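As structure tokens, the structure follows; a few thoughts come after it.
The values are calculated or read from the model by the stated rules, or taken from the named source; none is laboratory data. Note that this is a predicted model, so its numbers are computed, not measured. Note that we place each Cβ from the backbone using ideal geometry, even for glycine, and neighbour counts take in every protein chain shown.
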Amino acid sequence: MPETRQLKFLVDAGLASAFKSACKKANASMADELTAHMAEYIQAGKPPAVQAAAIRIATRKERRGSLKSIILALACVRDAEEAYLSRIPESLESGPAYEAAESAVAMIDEAISLLEEAFG
């Protein structure tokens with residue numbers, strides 16, 4: 001049996017709420033959804049967004065590396081939300097869950113842009 005680990009993420013409360021609501025409506029486990037998206041991301045040949053070791057940020061170079069990890073993590077969450085949006089039937093596209101996910105994608109894109117602009 002594979003070893004399991006618990007991960008903790010700090011995310012915007014609105015995004016967390018939207019994700020929780022979407023999983024509840026789909027009768028899906030949040031942990032299973034996140035695990036599936038992480039597996040897809042890694043199998044697609046993309047580097048893991050989160051380093052297993054503690055991130056050191058003592059030097060400018062290390063801070064830039066940490067920031068790249070954060071941007072990759074945000075992109076992973078955005079990709080998961082976009083995948084969720086693509087699975088919603090057209091008849092439910094005007095519902096609150098769809099609108100929350102759409103809003104989350106836009107906010108994450110803006111956050112990524114601002115981080116890249118400020119620290120790029």
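Listed here are the residues, each with its yes/no results for (1) at pLDDT 90 or above; (2) outside any helix (DSSP H, G or I).
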position: Y41; (1), (2): no, no
position: A53; (1), (2): no, yes
position: R78; (1), (2): yes, no
position: Y84; (1), (2): yes, no
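Residue by residue through region 88-120, note down the ones that are surrounded by 10 or more Cβ atoms within 10 Å (Cβ to Cβ) and among the charged types (D, E, K, R).
Going residue by residue through region 88-120, those that are surrounded by 10 or more Cβ atoms within 10 Å (Cβ to Cβ) are 88, 92-93, 95-116, 119.
Residues satisfying the conditions are E93, E99, E102, D109, E110, E116.
Restricting the search to region 86-101, which residues are over 11 Å from F19 (Cα atoms) and in a helix (DSSP H, G or I)?
Filtering region 86-101 down to residues over 11 Å from F19 (Cα atoms) leaves 86-96, 99.
S86, R87, E90, S91, L92, P96, E99, listed by residue number.
Determine whether D12 is out of contact with any helix residue (DSSP H, G or I) (no Cβ under 6 Å at 6 or more places or on another chain), acidic (D, E) and at pLDDT below 70. Let's see the steps before the verdict.
Details: out of contact with any helix residue (DSSP H, G or I) (no Cβ under 6 Å at 6 or more places or on another chain): yes; acidic (D, E): yes; at pLDDT below 70: yes.
Yes: the conditions hold for D12.
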